[in-house]
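Structure in structure tokens, see below.
The values are calculated or read from the model by the stated rules, or taken from the named source; none is laboratory data. Being a predicted model, the structure only gives us computed values, none of them experimental. Reconstructed Cβ throughout: ideal geometry from the backbone, glycine too, with neighbour counts over all protein chains shown. We work out accessible area using only protein heavy atoms, side chains counted, and drop any ligands, DNA or RNA first. Shrake-Rupley method; radii C 1.70, N 1.55, O 1.52, S 1.80 Å.
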Amino acid sequence: MSRELKEAIIFIMPLVLFIASFILIPVLGTFWNSLWLDVPFVARKFVGLQSYFRLVSDEQFWQATLFTTTFALVSVLIEMIFGTIIALVLNERIRMRGLLRGIALIPWAIPSVIGARVWQLIYRYDYGIANWVLQKIGLASVNWFGSPLGSFAALVLADVWRTTPFVAIIILAGLQTVRGDVLEQAQVDGANMFQRFFKITMPMIKPIIIVALLFRTIDALRVFDLVYVLTGGGPGGATTSISLYGYKFFLLGDFGYGSTVSVILFILALVLAVLYIRIGKLRAS
Amino acid sequence: MNEKGRKKILLSAGIIFVCLFCLAPFFWMFIISINERPDFLLQDGMSLTIGNFVEVIGIGNLHFLDYLKNSFVVASVTAISSAFIAALAAYAVSRISFPGRIILIISVLALSMFPQICLVGYLFKLMSGLGLINSYSALILPYISWSLPLALWLQTSYFSQIPTELDKAAQIDGANRLQTLLRVVLPIAVPGFLSTVMLLFMFSFNEFLFALMLTTNYTARTVPVGIAMFQGLHGELPWGYIMAASVISCIPVILIALAFQRRIIQGLTRGAIR
């Protein structure tokens with residue numbers, strides 16, 4: 001082994017050890033645990049793929065999967081649109097741009113639980129400000145957490161608030177690679193700002209939009225904090241995400257089935273991550 | 001109206017919208033925290049007070065100060081250790097040519113996309129087995145590992161901007177690799193290192209699921225779990241306390257976000273740009 005390689009290994013070793021002990025082994029362990037019956041007061045027993053068969057006919061699991069994917073799709077779509085608009089604003093030469101960017105970071109920077117708590121209060125049926133505003137403008141109060149659709153909308157709005165700034169910042173980085181002279185030339189040639197955006201800017205930032213899209217989708221698929229605080233998965237399990245569903249089994253001490261549920265989410269995220277890396281590689285080459 | 005004028009109007013509207021959109025919930029949080037009753041919208045009006053702040057800090061049974069202390073300890077230890085461990089690896093990746101460098105970075109980055117739920121079940125059993133549930137270690141060890149991918153990614157990009165001639169000069173003077181890192185590369189990369197530490201602090205300070213699973217009471221419970229679990233004595237949530245606690249807990253991360261916004265944005269986007 002060359003000296004270089006030896007040195008490299010020494011420098012990388014701590015990182016690899018940490019990641020192996022507390023990420024890789026736990027993930028592999030979760031796969032392994034999903035093949036066992038592992039509940040309190042019963043002897044641990046190897047059951048092979050039995051939990052996966054149970055999963056197939058588990059309606060609550062399918063409901064959670066449907067909710068999670070719908071939630072991810074809807075919120076990410078809204079976030080991408082708003083994120084692009086905010087990025088365009090932040091990209092302009094305006095006064096106090098730094099402060100504005102700092103402000104845009106805040107919803108994303110604070111603990112998600114705190115954001116969720118504030119929204120919970122905003123949505124309160126009796127004295128929440130959302131319903132107060134609705135009444136003031138002559139509409140009826142909405143019992144946000146009383147219906148599946150209301151809960152879904154409440155969650156999407158809270159998530160959009162939290163992560164749109166993040167999306168905006170990623171897209172902003174893309175916008176800053178768009179050359180000003182090309183845009184100016186187009187303006188001279190008579191293209192209006194919408195034409196300039198869709199014909200020049202958009203194609204140039206497409207790769208970064210795809211990256212942000214995948215990044216956010218993977219993140220949205222594992223949604224937990226928001227759902228835990230805001231709806232607790234209700235009403236009637238309508239907003240239980242896959243993460244929350246798995247967590248509920250862990251909480252009951254059912255580590256076998258909880259792991260099985262987690263594995264499915266892992267596979268969902270992995271498919272997207274592979275896609276992400278492929279795009280990354282394409283761009284690198 | 002000409003295009004310039006139209007653009008100006010759109011821009012102002014955009015700026016106002018961004019500010020309102022981002023800050024309105026904070027405004028509400030603050031209003032509730034300084035009101036005697038959270039339901040003042042139904043009452044005659046507000047009655048302002050700082051009582052919520054005094055009480056949420058002063059009432060020992062609420063353990064808010066414990067949560068805050070735990071969060072600070074866990075997040076600081078995590079951020080500094082993780083940034084340092086990642087600096088070692090980033091040094092190797094940016095300075096030593098060895099096979100598999102790129103694969104290492106990419107696969108480490110892919111790890112950060114794992115859903116946390118795929119770890120917590122196993123981690124809970126592991127930490128129970130080690131008797132670490134409800135200890136700082138139970139949080140710090142997974143947090144360090146969980147934040148390493150981002151730390152590695154950020155610092156590799158900072159380090160690769162530093163010319164290697166400096167290293168070579170140091171090595172000719174007889175410095176070994178570790179000395180080169182500590183005395184040449186890191187001092188130049190201090191701003192990068194610092195913003196990595198800040199970003200990691202923020203992530204660990206905000207983390208919820210691990211902390212929820214791996215702590216059981218105030219000895220190690222962090223702020224997010226504390227705030228998620230605040231319960232009133234009689235069922236009704238003590239909103240005044242929750243919002244006062246939220247305001248206090250947001251201060252450090254908001255300060256970090258504002259002070260380091262340029263570097264945070266740089267750090268977050270550098271990966272995406274490449």
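Are any residues in segment B:152-183 under 21 Å from B:L200 (Cβ atoms) and either over 25 Å from the mean Cα position of the chain (by Cα) or free of Cβ contacts under 8 Å to residues at least 60 places away in the same chain (or both), and if so, which ones?
Selection gives B:Q161, B:I162, B:L181, B:L182.
Which one of the conditions (1) under 30 Å from B:E36 (Cα atoms); (2) open to solvent by 50 Å² or more (accessible area, probe 1.4 Å); (3) not in a helix (DSSP H, G or I) does B:R221 fail to meet, given that it meets all the rest?
(2) is the only condition that B:R221 fails.
A further question on this structure: How many residues does segment A:1-40 hold that are in a loop (DSSP other than H, G, I, E, B) and within 7 Å of chain B (Cβ to nearest Cβ)?
Of the residues in segment A:1-40, 0 are in a loop (DSSP other than H, G, I, E, B) and within 7 Å of chain B (Cβ to nearest Cβ).
If you don't mind, another one. Restricting to segment B:12-64, count the residues that are among the β-branched types (V, I, T), open to solvent by less than 60 Å² (accessible area, probe 1.4 Å) and within 30 Å of A:A87 (Cα to Cα).
3
Looking only at residues in segment B:79-104 that are out of contact with any Phe, Trp or Tyr (no Cβ under 7 Å at 6 or more places or on another chain) and of a type in the set (V, I, T), which one is surrounded by the fewest Cβ atoms within 10 Å (Cβ to Cβ)?
Top of the filtered list is B:I103.
Also, quick follow-up: Can you pull out every residue in segment A:176-194 that is farther than 15 Å from A:N91 by Cα and in contact with an Asp or Glu (Cβ under 8 Å, 6 or more places away or on another chain)?
The one that is farther than 15 Å from A:N91 by Cα and in contact with an Asp or Glu (Cβ under 8 Å, 6 or more places away or on another chain): A:N192.
Still on this model: What is the one condition in (1) open to solvent by 10 Å² or more (accessible area, probe 1.4 Å); (2) within 11 Å of chain B (Cβ to nearest Cβ); (3) closer than 24 Å to B:F40 by Cα that A:A158 does not satisfy?
Result: A:A158 passes all but (1).
Next question. Only one residue in B:I144, B:I162, B:I172 is under 30 Å from A:L226 (Cα atoms) and out of contact with any Asp or Glu (no Cβ under 9 Å at 6 or more places or on another chain), so which one is that?
Exactly one of B:I144, B:I162, B:I172 is under 30 Å from A:L226 (Cα atoms) and out of contact with any Asp or Glu (no Cβ under 9 Å at 6 or more places or on another chain), namely B:I144.
Quick test of your reading of the structure: A:G48 fulfils all but one of (1) on the phi > 0 side of the Ramachandran plot; (2) open to solvent by 40 Å² or more (accessible area, probe 1.4 Å). Name the failing condition by number.
Tallying (1) on the phi > 0 side of the Ramachandran plot; (2) open to solvent by 40 Å² or more (accessible area, probe 1.4 Å), A:G48 fails exactly one: (2).
In segment A:124-153, what count of residues is obtained for those that are buried (at least 24 other Cβ atoms within 10 Å of the Cβ) and modelled with pLDDT of 90 or more?
Summing the residues that are buried (at least 24 other Cβ atoms within 10 Å of the Cβ) and modelled with pLDDT of 90 or more in segment A:124-153 gives 1.
So, one more: Taking the options A:V113, A:V76, name whichever one is of a type outside the set (S, T, N, Q), touching a Phe, Trp or Tyr at 6+ places or on another chain (Cβ under 7 Å) and crowded, with 17+ Cβ neighbours inside 10 Å.
A:V113
When the residues of segment A:229-242 are filtered to those that are within 11 Å of chain B (Cβ to nearest Cβ) and either part of a loop (DSSP other than H, G, I, E, B) or without any contact (Cβ under 8 Å) to a residue 60 or more places away in the chain (or both), which remaining residue is surrounded by the fewest Cβ atoms within 10 Å (Cβ to Cβ)?
A:G232
Among the residues of segment B:53-70, write down those that are closer than 26 Å to B:F201 by Cα and not in a helix (DSSP H, G or I).
B:H63
Now for a separate question. Quick one: which helices (runs of 4 or more DSSP H) sit completely within segment A:41-151 and have at least 2 residues that are more than 14 Å from chain B (Cβ to nearest Cβ) and hydroxyl-bearing (S, T, Y)?
By residue number, A:59-91.
List pairs: first in segment B:89-108 and over 21 Å from B:P163 (Cβ atoms), second open to solvent by 10 Å² or more (accessible area, probe 1.4 Å) and of a type outside the set (S, T, Y), Cβ under 6 Å, 6+ apart or cross-chain?
As it stands, the answer is B:I106/A:I277, since those pairs meet every condition given.
Considering only residues that are more than 25 Å from A:D159 (Cα to Cα), among the aliphatic types (A, V, I, L, M) and in a helix (DSSP H, G or I), which ones fall in segment B:11-52?
Scanning segment B:11-52 gives B:L41, B:L42.
Shifting gears a bit: Would you confirm, using the coordinates I've provided, whether B:I256 is within 8 Å of chain A (Cβ to nearest Cβ) and either touching a Pro at 6+ places or on another chain (Cβ under 7 Å) or over 30 Å from B:L126 (Cβ atoms) (or both)?
Against the criterion (within 8 Å of chain A (Cβ to nearest Cβ) and either touching a Pro at 6+ places or on another chain (Cβ under 7 Å) or over 30 Å from B:L126 (Cβ atoms) (or both)), B:I256 qualifies.
Please verify whether A:F197 is part of a helix (DSSP H, G or I) and open to solvent by less than 50 Å² (accessible area, probe 1.4 Å), treating the condition exactly as stated.
yes
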